[in-house]
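> Before we start, here is the structure in question, set down as structure tokens.
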Amino acid sequence: MTTSSRPSYLVFDELGTPAEMAADGRETGRNLGLEGPLERAARAAVATPPSLRYDDYPAEVGKREIRISDAAARIANALHLHLD
């Protein structure tokens with residue numbers, strides 16, 4: 001039976017350098033949509049500002065339609081709530 005020169009309990013031998021792990025963490029955060037306040041502030045600083053012109057905004061905004069599912073109606077009726 002032969003044994004390897006490296007003991008199996010040294011899991012840190014397989015890890016990358018701290019710089020590589022930090023870069024991996026930053027990339028993972030970007031992929032997950034996690035960002036810190038400094039990144040949000042930097043992106044907002046270079047983004048185009050919203051328009052101040054009155055014509056750029058609609059005069060009337062339609063209301064959203066609210067739909068009540070059958071299950072919600074049954075629950076409301078069981079609780080004696082009236083949803084029309």
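> Give the residue that is nearest to D24 (Cα to Cα), with candidates limited to residues of segment 34-59 that are of a type outside the set (S, T, Y) and over 31 Å from the mean Cα position of the chain (by Cα). Spell out how you get there, then give the answer.
Step one: list which residues in segment 34-59 are of a type outside the set (S, T, Y), which gives 34-47, 49-50, 52-53, 55-56, 58-59.
Narrowing further to those that are over 31 Å from the mean Cα position of the chain (by Cα): 53, 55, 59.
Working: R53: 43, D55: 45, A59: 47 Å.
Step by step, filter segment 34-59, then rank; the result is R53.
> Within segment 50-76, can you find the residues that are part of a helix (DSSP H, G or I), of a type in the set (A, V, I, L, M, F, W, C) and open to solvent by 100 Å² or more (accessible area, probe 1.4 Å)?
I75
> Which residues, taken from segment 1-33, are at pLDDT below 80 and open to solvent by 100 Å² or more (accessible area, probe 1.4 Å)?
M1, T2, T3, S5, R6, S8, Y9, F12, E14, listed by residue number.
> Continuing with the same structure: Give the number of residues within segment 36-49 that are open to solvent by less than 100 Å² (accessible area, probe 1.4 Å) and not hydrophobic (A, V, I, L, M, F, W, C).
2
The values are calculated or read from the model by the stated rules, or taken from the named source; none is laboratory data. Here the structure is a predicted model, which is why all the values come from computation and not from measurement. Just so you know, the surface numbers come from the protein's heavy atoms only, side chains and all, with ligands and any DNA or RNA stripped out. Shrake-Rupley method; radii C 1.70, N 1.55, O 1.52, S 1.80 Å.
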